[in-house]
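Below is one structure. I have some questions about it.
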Amino acid sequence: QAKNYAKYMGTNQFQLYNKEIHEKLMTMNELQADILTGLEKNEFFLVYQPLFYIQDERIAEIEALIRWKHPEKGLLYPDRFIELAEQAGTIINIDYWVLETACKQLKSWRDRNQKPVLLSINISAKSFETKSFVPDITSIINQYEVNPEYLQLEITERMVIKNVEESIQKLCQLRDMGIRVAIDDFGIGYSSLSYIVRLPIDSIKIDKSFVQNITSSKESKAIVTTIINLCKILRLNVIAEGIESKFELDYLKSNQCEIGQGYYFSKPVHIEEIERLLME
Ligand code: C2E
Ligand code: MG
Ligand code: MG
Ligand code: MG
């Protein structure tokens with residue numbers, strides 16, 4: 001009887017398992033195809049979040065964030081497709097679309113004599129690991145005659161740690177061209193400080209989970225202060241993500257954090273709105 005039971009369960013579980021995998025594969029394939037058509041049909045767009053100098057609340061830089069106007073599913077935020085696109089590999093197509101769109105934007109601002117501003121984009125691990133990453137970026141920058149000093153790439157600790165020497169080499173090449181590099185979501189990765197201090201980077205963005213716990217947790221306060229101090233010693237720009245309240249802002253200000261990003265200042269906005277803000 002036990003044997004029968006096992007067999008019964010086995011078959012059943014197998015079917016269940018099979019169905020799950022099938023559904024997952026379906027969504028993956030569908031998503032992959034959806035993303036490629038979506039890119040062709042211009043369903044993706046960028047929104048722009050201004051970052052501010054905490055001392056005087058002037059705009060310091062702008063982060064471009066992707067959105068997807070899906071024909072059936074409506075407006076999709078990155079949490080609905082970035083991770084899956086990473087698994088499916090189409091993230092590379094997305095990243096290049098973002099890079100190209102950002103470069104077009106920088107070119108358009110320059111053509112219209114808009115006051116220059118640093119534009120930051122998020123790069124995922126898959127793209128960064130590509131052999132042709134640096135030459136590809138170089139050719140897009142050249143194509144749109146972008147001044148590389150106004151382009152910033154946001155990468156994460158985890159991406160760099162996978163292959164430290166190769167990453168350092170790529171980062172050096174990018175920075176030699178004048179491109180700026182920021183470490184995004186800093187503090188939640190697993191990297192050791194001995195690696196971080198060796199990285200050729202410009203800025204560190206303190207992950208919003210620490211900033212949002214400043215109010216309630218002594219530990220988060222300590223982590224934020226420590227990262228700020230580390231950045232001062234390493235001569236890196238320090239940016240606090242996810243500032244939502246005056247309390248958080250005041251804490252960061254009194255601890256000499258330079259730049260802030262968050263709903264307290266501004267949500268990500270459409271291009272027209274960011275251009276209006278830049279002209280103020
Ligand atoms: P991220 O790079 O850390 O970007 C910051 C995220 O925090 C954005 O979410 C932004 O809208 C949100 N945010 C800003 N201020 C606040 C605040 O005060 N409170 C809270 N709760 N959130 C705030 P978003 O746009 O949904 O993007 C989520 C993540 O998706 C990004 O995190 C980034 O890792 C990824 N992502 C976004 N756009 C792109 C892209 O173009 N390419 C790639 N590869 N990844 C992207
Ligand atoms: Mg980012
Ligand atoms: Mg990011
Ligand atoms: Mg972040």
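Bear in mind these aren't lab numbers, they're just calculated from the coordinates by the rules spelled out. Since this is a predicted model, take the numbers as computed values, not measurements. Cβ sites come from the backbone with ideal geometry, for glycine too, and all protein chains shown count toward neighbours.
Reachable lysines from Lys73, Cα under 21 Å, same-chain residues fewer than 8 places away excluded?
Lys24, Lys41
A further question follows. Over all directions, how big on average is the projection of the convex hull of the alpha-carbon atoms in the range 68-132, in square nanometres? Walk me through the intermediate numbers first.
Numbers: hull surface 23.5 nm².
Mean orientational projected area (the range 68-132, Cα hull): 5.9 nm².
In µm²/s, what is D for the range 216-280 at 25 °C and 0.890 mPa s, where D = kT/(6 pi eta Rh) by Stokes-Einstein and Rh is the Kirkwood radius from Cα pairs?
My calculation gives 187 µm²/s for D.
Which chymotrypsin sites (Phe, Trp or Tyr not before Pro) in the range 148-199 sit in a loop by DSSP (not H, G, I, E or B) and have at most 12 other Cβ atoms within 10 Å of their own Cβ?
For chymotrypsin sites (Phe, Trp or Tyr not before Pro) across the range 148-199 that sit outside H, G, I, E and B with at most 12 neighbouring Cβ atoms in 10 Å, the list reads Tyr190.
Rounded, prolate or oblate: pick one for the range 43-173, where a ≥ b ≥ c are the square roots of the eigenvalues of its C-alpha gyration tensor, a/c under 1.5 means rounded, and failing that, prolate if a/b is larger than b/c, else oblate.
In terms of gyration-tensor shape, rounded.
Which one, Val117, Val160, Val181, has the greatest fluctuation when you compute a Gaussian network model over the chain with C-alpha springs under 10 angstrom?
Val117
Another one. Rounded to the nearest whole Å³, what is the per residue volume of the convex hull around the Cα atoms of the chain?
182
So for the range 151-280, Kirkwood radius off the Cα pairs, Stokes-Einstein at 25 °C and 0.890 mPa s: how many µm² s⁻¹?
The calculation lands on 157 µm²/s.
Now for a separate question. If each DSSP helix of 4+ residues adds -39,500 (n - 2.57) and the sum is divided by the residues in the chain, what number results at 222 nm, nearest 500 deg cm²/dmol?
-16000 deg cm²/dmol
Using a Gaussian network model of the chain with C-alpha springs under 10 Å, which one of Ser127, Ser220, Ser194 is most mobile by mean-square fluctuation?
Ser194
Kindly identify the range 113-165 as rounded, prolate or oblate by the Cα gyration tensor criterion: order the square roots of the eigenvalues as a ≥ b ≥ c, call it rounded if a/c is under 1.5, otherwise compare a/b with b/c, prolate if a/b is larger, else oblate.
Since a/c reaches 1.5 but b/c is at least a/b, the shape of the range 113-165 is classed as oblate.
If you don't mind, there's one more thing I want to ask. In nanometres, what is the gap between the two model label sites at Thr27 and Leu278, each 7 Å from Cα along Cα-to-Cβ?
3.7
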